[in-house]
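So the structure is just underneath, and the comments pick up after that.
The values are calculated or read from the model by the stated rules, or taken from the named source; none is laboratory data. Keep in mind it's a predicted model, so treat the numbers as computed, not measured. Ideal geometry is used to build each Cβ from the backbone, glycine not excepted, and the neighbour counts take in all protein chains shown.
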Amino acid sequence: MVAPLTLHVALLFEFPALNGGEHSMLSVLQQLAVDSTIRFTAIAPTHGPLADQLKQLHIPLVPFTVRSSTGVKRDIKDLTVELQTIVATLRPNILHANSLSMSRLVAQCQEKMAPAYCTGHIRDIMKISAKMIGDLNRLSSIAVVSKTAKGFHEAQGLRSGLSKVIYNGVNTDRFCKRSRADARNALLPQLPKTAQVLLNVGQICLRKGQLDLAQAVVQLLRDRNDVYLVLVGERHSGKVESIAYEQAIADEFTAFGRKNHLLKIGYSDNVEQWMNSADLLVHTARQEPLGRVLLEAAASELPTIATDVGGTPEILQHEQSGILVPPGDVKALVGCMHAALAKPSRGQAYATSAVEHIRQIFTVRQACHALKGFWQSANSPALS
(Lines give C-alpha, C1' and ligand atoms only; values in the text may rest on other atoms or scores of the structure.)
Protein backbone atom coordinates (compact mmCIF):
# COMPACT_ATOMS: atom_id res chain seq x y z
CA MET A 1 0.00 0.00 0.00
CA VAL A 2 1.44 3.35 -1.06
CA ALA A 3 1.62 5.95 1.71
CA PRO A 4 -0.16 9.24 0.92
CA LEU A 5 2.07 12.08 -0.21
CA THR A 6 2.59 14.89 2.27
CA LEU A 7 1.12 18.27 1.37
CA HIS A 8 3.45 21.14 2.32
CA VAL A 9 1.61 24.40 3.05
CA ALA A 10 3.53 27.63 3.65
CA LEU A 11 1.43 30.17 5.56
CA LEU A 12 2.10 33.88 5.11
CA PHE A 13 1.22 36.18 8.04
CA GLU A 14 1.48 39.96 8.15
CA PHE A 15 1.25 40.88 11.83
CA PRO A 16 3.00 39.52 14.94
CA ALA A 17 -0.14 40.01 17.06
CA LEU A 18 -3.05 37.64 17.62
CA ASN A 19 -6.32 38.96 16.25
CA GLY A 20 -9.28 37.07 14.82
CA GLY A 21 -7.55 35.92 11.65
CA GLU A 22 -4.50 34.62 13.48
CA HIS A 23 -6.59 32.90 16.15
CA SER A 24 -8.73 31.26 13.48
CA MET A 25 -5.73 29.85 11.63
CA LEU A 26 -4.05 28.74 14.86
CA SER A 27 -7.16 26.81 15.90
CA VAL A 28 -6.87 24.85 12.65
CA LEU A 29 -3.13 24.35 13.02
CA GLN A 30 -3.57 22.93 16.51
CA GLN A 31 -5.58 20.10 14.95
CA LEU A 32 -3.79 19.63 11.62
CA ALA A 33 -0.24 19.87 12.98
CA VAL A 34 -0.50 16.19 13.99
CA ASP A 35 -1.87 15.10 10.60
CA SER A 36 0.82 13.06 8.86
CA THR A 37 -0.50 13.95 5.39
CA ILE A 38 0.11 17.69 5.76
CA ARG A 39 2.92 19.82 7.12
CA PHE A 40 3.26 23.55 7.64
CA THR A 41 5.88 26.26 7.51
CA ALA A 42 5.06 29.78 8.69
CA ILE A 43 6.42 32.88 6.96
CA ALA A 44 5.93 35.58 9.58
CA PRO A 45 7.47 38.04 12.04
CA THR A 46 9.74 36.19 14.47
CA HIS A 47 8.81 38.10 17.63
CA GLY A 48 5.40 38.43 19.25
CA PRO A 49 2.42 36.33 20.38
CA LEU A 50 1.97 34.70 16.96
CA ALA A 51 5.56 33.47 16.86
CA ASP A 52 5.20 32.16 20.42
CA GLN A 53 2.12 30.14 19.48
CA LEU A 54 3.74 28.73 16.34
CA LYS A 55 6.73 27.65 18.40
CA GLN A 56 4.45 25.81 20.83
CA LEU A 57 2.96 23.95 17.86
CA HIS A 58 6.46 23.07 16.57
CA ILE A 59 5.77 24.80 13.26
CA PRO A 60 8.98 26.08 11.60
CA LEU A 61 9.02 29.85 11.12
CA VAL A 62 10.86 31.70 8.34
CA PRO A 63 11.39 35.41 9.15
CA PHE A 64 9.38 37.84 7.05
CA THR A 65 8.43 41.35 8.15
CA VAL A 66 6.19 43.64 6.13
CA ARG A 67 7.10 46.70 8.18
CA SER A 68 10.42 48.20 9.20
CA SER A 69 11.52 48.54 12.82
CA THR A 70 9.90 52.00 12.85
CA GLY A 71 6.55 50.62 11.68
CA VAL A 72 6.76 51.90 8.10
CA LYS A 73 5.61 49.49 5.40
CA ARG A 74 8.52 48.28 3.30
CA ASP A 75 8.74 48.83 -0.46
CA ILE A 76 6.62 46.35 -2.42
CA LYS A 77 9.53 45.43 -4.70
CA ASP A 78 11.69 44.47 -1.73
CA LEU A 79 8.86 42.42 -0.24
CA THR A 80 8.17 40.50 -3.44
CA VAL A 81 11.83 39.69 -4.06
CA GLU A 82 12.25 38.45 -0.48
CA LEU A 83 9.09 36.38 -0.62
CA GLN A 84 10.08 34.84 -3.95
CA THR A 85 13.45 33.86 -2.49
CA ILE A 86 11.81 32.25 0.54
CA VAL A 87 9.38 30.26 -1.59
CA ALA A 88 12.14 29.15 -3.95
CA THR A 89 13.99 27.75 -0.93
CA LEU A 90 10.99 26.13 0.77
CA ARG A 91 9.36 24.81 -2.42
CA PRO A 92 5.94 24.28 -0.77
CA ASN A 93 2.97 22.79 -2.62
CA ILE A 94 0.78 25.67 -1.44
CA LEU A 95 1.59 29.26 -0.48
CA HIS A 96 -1.40 30.51 1.52
CA ALA A 97 -1.79 34.17 2.53
CA ASN A 98 -3.77 34.53 5.75
CA SER A 99 -5.17 38.03 5.11
CA LEU A 100 -6.47 40.24 2.33
CA SER A 101 -3.34 42.39 2.08
CA MET A 102 -1.03 39.36 2.06
CA SER A 103 -3.25 37.71 -0.55
CA ARG A 104 -2.67 40.68 -2.82
CA LEU A 105 1.07 40.55 -2.20
CA VAL A 106 1.17 36.88 -3.18
CA ALA A 107 -1.03 37.53 -6.23
CA GLN A 108 1.29 40.27 -7.47
CA CYS A 109 4.18 37.85 -7.77
CA GLN A 110 2.44 34.50 -8.11
CA GLU A 111 3.81 33.88 -11.62
CA LYS A 112 7.28 33.52 -10.06
CA MET A 113 6.13 31.28 -7.21
CA ALA A 114 6.24 27.98 -9.12
CA PRO A 115 5.90 25.20 -8.19
CA ALA A 116 3.70 26.52 -5.37
CA TYR A 117 0.00 27.05 -5.94
CA CYS A 118 -0.98 30.43 -4.49
CA THR A 119 -4.11 30.75 -2.37
CA GLY A 120 -5.45 33.49 -0.12
CA HIS A 121 -7.85 34.19 2.71
CA ILE A 122 -10.34 37.05 2.77
CA ARG A 123 -11.45 37.91 6.30
CA ASP A 124 -12.74 41.42 5.58
CA ILE A 125 -15.73 43.20 4.12
CA MET A 126 -14.36 46.42 2.69
CA LYS A 127 -14.31 48.36 -0.55
CA ILE A 128 -11.17 47.69 -2.56
CA SER A 129 -9.87 49.03 -5.83
CA ALA A 130 -10.42 47.46 -9.24
CA LYS A 131 -6.65 46.98 -9.45
CA MET A 132 -6.62 45.00 -6.21
CA ILE A 133 -9.53 42.88 -7.42
CA GLY A 134 -7.57 42.23 -10.61
CA ASP A 135 -4.59 41.08 -8.56
CA LEU A 136 -6.70 38.76 -6.40
CA ASN A 137 -8.26 37.20 -9.48
CA ARG A 138 -4.83 35.81 -10.40
CA LEU A 139 -4.72 33.49 -7.36
CA SER A 140 -5.43 29.77 -7.69
CA SER A 141 -8.29 30.00 -5.18
CA ILE A 142 -9.47 32.08 -2.22
CA ALA A 143 -11.06 31.08 1.08
CA VAL A 144 -13.72 33.53 2.31
CA VAL A 145 -15.04 33.50 5.87
CA SER A 146 -18.75 34.02 5.15
CA LYS A 147 -21.37 33.94 2.43
CA THR A 148 -21.88 37.66 2.95
CA ALA A 149 -18.19 38.43 2.42
CA LYS A 150 -18.11 36.24 -0.69
CA GLY A 151 -21.09 38.01 -2.22
CA PHE A 152 -19.73 41.42 -1.31
CA HIS A 153 -16.40 40.86 -3.04
CA GLU A 154 -17.92 39.15 -6.06
CA ALA A 155 -20.10 42.24 -6.50
CA GLN A 156 -16.83 44.23 -6.64
CA GLY A 157 -15.50 42.01 -9.42
CA LEU A 158 -13.94 38.99 -7.72
CA ARG A 159 -14.09 36.21 -10.28
CA SER A 160 -17.06 33.87 -9.86
CA GLY A 161 -15.94 30.39 -8.86
CA LEU A 162 -12.59 31.59 -7.51
CA SER A 163 -13.64 31.79 -3.86
CA LYS A 164 -15.05 29.21 -1.47
CA VAL A 165 -16.78 29.90 1.84
CA ILE A 166 -14.89 28.27 4.69
CA TYR A 167 -16.31 29.18 8.06
CA ASN A 168 -13.99 29.75 11.01
CA GLY A 169 -14.21 27.01 13.60
CA VAL A 170 -14.32 27.24 17.38
CA ASN A 171 -12.81 24.74 19.80
CA THR A 172 -15.85 23.55 21.76
CA ASP A 173 -13.64 21.89 24.38
CA ARG A 174 -11.99 25.19 25.23
CA PHE A 175 -15.10 27.34 24.78
CA CYS A 176 -17.97 25.72 26.65
CA LYS A 177 -20.34 26.40 29.52
CA ARG A 178 -18.80 26.36 33.00
CA SER A 179 -19.67 27.71 36.42
CA ARG A 180 -20.24 31.45 36.24
CA ALA A 181 -19.73 31.80 39.98
CA ASP A 182 -16.30 30.13 39.83
CA ALA A 183 -15.15 32.28 36.89
CA ARG A 184 -16.49 35.45 38.53
CA ASN A 185 -14.69 34.68 41.79
CA ALA A 186 -11.42 34.03 39.93
CA LEU A 187 -11.49 37.05 37.62
CA LEU A 188 -13.71 39.66 39.25
CA PRO A 189 -13.65 39.08 43.02
CA GLN A 190 -13.94 42.81 43.66
CA LEU A 191 -17.41 43.10 42.15
CA PRO A 192 -20.62 42.77 44.19
CA LYS A 193 -22.30 39.36 44.02
CA THR A 194 -25.30 41.01 42.34
CA ALA A 195 -23.22 42.65 39.58
CA GLN A 196 -24.42 42.29 36.00
CA VAL A 197 -21.33 41.89 33.81
CA LEU A 198 -21.45 42.94 30.16
CA LEU A 199 -18.53 41.65 28.11
CA ASN A 200 -17.00 43.01 24.91
CA VAL A 201 -14.05 41.25 23.27
CA GLY A 202 -12.05 42.68 20.39
CA GLN A 203 -9.52 45.19 19.20
CA ILE A 204 -10.40 48.67 20.46
CA CYS A 205 -11.13 50.69 17.35
CA LEU A 206 -13.92 52.55 15.57
CA ARG A 207 -14.79 49.49 13.48
CA LYS A 208 -15.64 47.52 16.62
CA GLY A 209 -17.94 50.25 17.96
CA GLN A 210 -16.97 50.19 21.65
CA LEU A 211 -17.83 53.89 22.03
CA ASP A 212 -21.43 53.09 21.04
CA LEU A 213 -21.43 50.46 23.77
CA ALA A 214 -19.93 52.80 26.37
CA GLN A 215 -22.62 55.40 25.66
CA ALA A 216 -25.33 52.74 25.93
CA VAL A 217 -24.02 51.36 29.22
CA VAL A 218 -23.83 54.85 30.73
CA GLN A 219 -27.48 55.37 29.79
CA LEU A 220 -28.32 52.02 31.36
CA LEU A 221 -26.59 53.13 34.56
CA ARG A 222 -29.11 55.95 34.89
CA ASP A 223 -31.72 53.33 35.78
CA ARG A 224 -29.61 50.73 37.60
CA ASN A 225 -26.28 50.74 39.39
CA ASP A 226 -25.36 47.08 39.13
CA VAL A 227 -24.03 47.04 35.54
CA TYR A 228 -20.31 46.72 34.76
CA LEU A 229 -18.67 46.74 31.34
CA VAL A 230 -15.59 44.55 30.82
CA LEU A 231 -13.49 45.32 27.72
CA VAL A 232 -11.11 42.53 26.73
CA GLY A 233 -8.80 43.68 23.95
CA GLU A 234 -6.31 46.39 23.15
CA ARG A 235 -5.77 49.24 20.73
CA HIS A 236 -3.15 48.42 18.08
CA SER A 237 -3.18 51.66 16.09
CA GLY A 238 -0.97 54.50 17.21
CA LYS A 239 -2.85 57.10 15.19
CA VAL A 240 -4.02 60.20 17.04
CA GLU A 241 -7.67 59.51 16.23
CA SER A 242 -7.36 55.93 17.52
CA ILE A 243 -5.84 57.08 20.81
CA ALA A 244 -8.61 59.67 21.14
CA TYR A 245 -11.25 57.02 20.44
CA GLU A 246 -9.99 54.80 23.27
CA GLN A 247 -9.89 57.77 25.63
CA ALA A 248 -13.45 58.76 24.69
CA ILE A 249 -14.67 55.37 25.89
CA ALA A 250 -13.21 55.94 29.36
CA ASP A 251 -14.41 59.56 29.39
CA GLU A 252 -18.05 58.44 29.06
CA PHE A 253 -17.86 56.68 32.43
CA THR A 254 -15.72 59.32 34.11
CA ALA A 255 -18.07 62.14 33.11
CA PHE A 256 -21.01 60.24 34.56
CA GLY A 257 -19.18 59.54 37.81
CA ARG A 258 -19.05 55.77 37.24
CA LYS A 259 -15.40 55.27 36.37
CA ASN A 260 -15.27 52.03 38.37
CA HIS A 261 -18.01 50.50 36.20
CA LEU A 262 -15.59 50.20 33.26
CA LEU A 263 -12.96 47.47 33.51
CA LYS A 264 -10.35 47.52 30.74
CA ILE A 265 -8.53 44.21 30.76
CA GLY A 266 -6.32 44.58 27.68
CA TYR A 267 -5.11 41.54 25.77
CA SER A 268 -6.04 38.24 27.39
CA ASP A 269 -5.11 34.66 26.55
CA ASN A 270 -7.94 33.27 28.68
CA VAL A 271 -10.93 34.68 26.81
CA GLU A 272 -12.88 31.51 27.56
CA GLN A 273 -12.81 32.35 31.28
CA TRP A 274 -14.09 35.85 30.60
CA MET A 275 -16.93 34.30 28.58
CA ASN A 276 -17.77 32.12 31.57
CA SER A 277 -17.70 35.07 33.98
CA ALA A 278 -20.11 37.36 32.09
CA ASP A 279 -23.88 37.66 32.03
CA LEU A 280 -24.08 39.01 28.49
CA LEU A 281 -21.79 39.49 25.50
CA VAL A 282 -22.42 42.76 23.65
CA HIS A 283 -20.75 42.95 20.24
CA THR A 284 -21.19 46.39 18.69
CA ALA A 285 -19.10 46.12 15.51
CA ARG A 286 -19.86 48.54 12.67
CA GLN A 287 -18.47 45.98 10.17
CA GLU A 288 -17.99 42.27 10.70
CA PRO A 289 -17.32 39.60 8.05
CA LEU A 290 -17.73 36.79 10.60
CA GLY A 291 -17.10 37.60 14.24
CA ARG A 292 -14.95 34.95 15.89
CA VAL A 293 -15.94 36.26 19.31
CA LEU A 294 -19.58 35.46 18.46
CA LEU A 295 -18.64 31.84 17.80
CA GLU A 296 -16.79 31.68 21.10
CA ALA A 297 -19.68 33.21 23.02
CA ALA A 298 -22.19 30.87 21.40
CA ALA A 299 -20.04 27.82 22.20
CA SER A 300 -19.82 29.10 25.80
CA GLU A 301 -23.63 29.45 25.93
CA LEU A 302 -23.26 33.13 26.77
CA PRO A 303 -26.34 35.19 25.82
CA THR A 304 -25.43 37.67 23.12
CA ILE A 305 -26.52 41.00 21.68
CA ALA A 306 -24.78 41.85 18.40
CA THR A 307 -25.08 44.37 15.61
CA ASP A 308 -26.81 43.13 12.47
CA VAL A 309 -23.85 43.53 10.13
CA GLY A 310 -21.90 41.43 7.64
CA GLY A 311 -21.85 37.72 8.35
CA THR A 312 -23.30 37.96 11.86
CA PRO A 313 -26.77 36.66 10.80
CA GLU A 314 -25.01 33.51 9.54
CA ILE A 315 -24.12 32.81 13.20
CA LEU A 316 -27.05 34.30 15.13
CA GLN A 317 -30.72 34.51 14.21
CA HIS A 318 -32.64 37.39 15.77
CA GLU A 319 -34.80 36.32 18.73
CA GLN A 320 -33.89 32.68 18.10
CA SER A 321 -30.23 32.38 19.07
CA GLY A 322 -29.41 35.99 19.98
CA ILE A 323 -30.52 39.59 19.70
CA LEU A 324 -29.49 41.67 16.67
CA VAL A 325 -29.57 45.47 16.66
CA PRO A 326 -28.76 48.04 13.95
CA PRO A 327 -25.14 49.26 14.05
CA GLY A 328 -24.63 52.63 15.71
CA ASP A 329 -28.14 52.71 17.22
CA VAL A 330 -27.38 53.47 20.87
CA LYS A 331 -31.04 53.83 21.83
CA ALA A 332 -31.92 50.40 20.43
CA LEU A 333 -28.89 48.90 22.16
CA VAL A 334 -29.95 50.33 25.54
CA GLY A 335 -33.43 48.87 25.13
CA CYS A 336 -32.11 45.42 24.20
CA MET A 337 -29.64 45.32 27.09
CA HIS A 338 -32.33 46.43 29.53
CA ALA A 339 -34.69 43.69 28.29
CA ALA A 340 -31.97 41.02 28.35
CA LEU A 341 -31.01 41.82 31.94
CA ALA A 342 -34.64 41.95 33.01
CA LYS A 343 -35.42 38.49 31.54
CA PRO A 344 -32.25 36.41 31.71
CA SER A 345 -34.14 33.16 31.10
CA ARG A 346 -35.00 34.32 27.58
CA GLY A 347 -31.34 35.02 26.84
CA GLN A 348 -30.36 31.59 28.14
CA ALA A 349 -32.91 29.97 25.84
CA TYR A 350 -31.39 31.83 22.91
CA ALA A 351 -27.91 30.76 24.03
CA THR A 352 -28.97 27.10 24.09
CA SER A 353 -30.18 27.43 20.51
CA ALA A 354 -26.94 29.17 19.51
CA VAL A 355 -24.67 26.40 20.83
CA GLU A 356 -26.59 23.81 18.83
CA HIS A 357 -26.05 25.87 15.68
CA ILE A 358 -22.33 26.10 16.45
CA ARG A 359 -22.01 22.35 16.85
CA GLN A 360 -23.69 21.81 13.50
CA ILE A 361 -21.65 24.23 11.38
CA PHE A 362 -18.84 26.05 13.19
CA THR A 363 -16.64 23.52 15.00
CA VAL A 364 -12.87 23.56 14.53
CA ARG A 365 -13.07 19.99 13.23
CA GLN A 366 -15.31 21.14 10.39
CA ALA A 367 -13.00 24.07 9.66
CA CYS A 368 -9.97 21.74 9.51
CA HIS A 369 -11.71 19.38 7.10
CA ALA A 370 -12.83 22.22 4.85
CA LEU A 371 -9.48 24.04 4.78
CA LYS A 372 -7.47 20.87 4.16
CA GLY A 373 -9.80 19.97 1.28
CA PHE A 374 -9.49 23.51 -0.06
CA TRP A 375 -5.67 23.23 -0.19
CA GLN A 376 -5.81 19.74 -1.69
CA SER A 377 -8.16 20.94 -4.43
CA ALA A 378 -5.90 23.89 -5.23
CA ASN A 379 -2.87 21.65 -5.49
CA SER A 380 -1.71 19.37 -8.30
CA PRO A 381 -3.84 16.30 -9.15
CA ALA A 382 -1.19 14.09 -7.59
CA LEU A 383 -2.05 15.32 -4.11
CA SER A 384 -5.72 16.33 -4.47
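Scan the range 30-53 for residues that are touching a helix residue (DSSP H, G or I) at 6+ places or on another chain (Cβ under 6 Å) and in a helix (DSSP H, G or I) and the total you get is 4.
Considering L187, L158, the condition of being outside the structural domain of L105 (by TED's automatic domain parsing) and either of a type outside the set (S, T, Y) or surrounded by fewer than 18 Cβ atoms within 10 Å (Cβ to Cβ) (or both) is satisfied by L187 alone. Cβ-Cβ contacts under 8 Å between residues 6 or more apart (or on different chains), taken from a first residue in the range 132-154 that is among the acidic types (D, E) to a second residue that is surrounded by fewer than 18 Cβ atoms within 10 Å (Cβ to Cβ) and assigned to a loop (DSSP other than H, G, I, E, B), are listed as E154/S160.
Scanning the range 270-289 for residues that are out of contact with any Asp or Glu (no Cβ under 7 Å at 6 or more places or on another chain), under 27 Å from A149 (Cβ atoms) and assigned to a loop (DSSP other than H, G, I, E, B) gives A285, R286, Q287, E288.
Scanning the range 122-171 for residues that are of a type in the set (S, T, Y) and either closer than 21 Å to V9 by Cα or at pLDDT below 95 (or both) turns up S140, S141, S160, S163, Y167. Considering only residues in the range 161-175 that are part of a loop (DSSP other than H, G, I, E, B) and under 18 Å from the mean Cα position of the chain (by Cα), the one that is surrounded by the fewest Cβ atoms within 10 Å (Cβ to Cβ) turns out to be R174. For T65, indicate whether it is within 20 Å of A114 (Cβ to Cβ), outside any strand (DSSP E or B), without any contact (Cβ under 8 Å) to a residue 60 or more places away in the chain and assigned by TED's automatic domain parsing to the domain that holds C368. So T65 fails the test.
Annotation note: of G161, G209, G202, the sole residue that is touching a residue at least 40 places away in the same chain (Cβ under 8 Å), at positive phi and out of contact with any helix residue (DSSP H, G or I) (no Cβ under 6 Å at 6 or more places or on another chain) is G209.
The single condition among (1) buried (at least 17 other Cβ atoms within 10 Å of the Cβ); (2) closer than 30 Å to A116 by Cα; (3) at pLDDT 95 or above that V309 does not satisfy is (2). Listed by first and then second residue, the pairs with beta-carbon distance under 7 Å, at least 6 apart or on different chains, first residue in the range 83-107 and closer than 17 Å to N137 by Cα and of a type in the set (D, E, K, R), second surrounded by fewer than 21 Cβ atoms within 10 Å (Cβ to Cβ) and at pLDDT 95 or above, are R104/M132; R104/D135. Only one of the listed residues (S345, S377) is more than 21 Å from the chain's Cα centre (by Cα), over 27 Å from V218 (Cα atoms) and either surrounded by fewer than 16 Cβ atoms within 10 Å (Cβ to Cβ) or in contact (Cβ under 8 Å) with a residue 60 or more places away in the chain (or both). That residue is S377. Among the residues of the range 217-226, some residue qualifies, meaning at least one is surrounded by 14 or more Cβ atoms within 10 Å (Cβ to Cβ), at pLDDT 95 or above, touching a strand residue (DSSP E or B) at 6+ places or on another chain (Cβ under 8 Å) and within 18 Å of P327 (Cβ to Cβ). Of the helices (runs of 4 or more DSSP H) contained entirely in the range 69-160, those carrying at least 1 residues that are aromatic (F, W, Y) fall at 147-155.
For the range 246-269, a residue qualifies if it is in a helix (DSSP H, G or I) and either surrounded by fewer than 18 Cβ atoms within 10 Å (Cβ to Cβ) or modelled with pLDDT under 95 (or both), and the qualifying residues are Q247, A248, A250, D251, T254, A255, K259, N260.
Any residue in the range 286-303 that is in the same structural domain as Q219 (by TED's automatic domain parsing), farther than 30 Å from H96 by Cα and among the basic types (K, R)? No, that holds for no residue.
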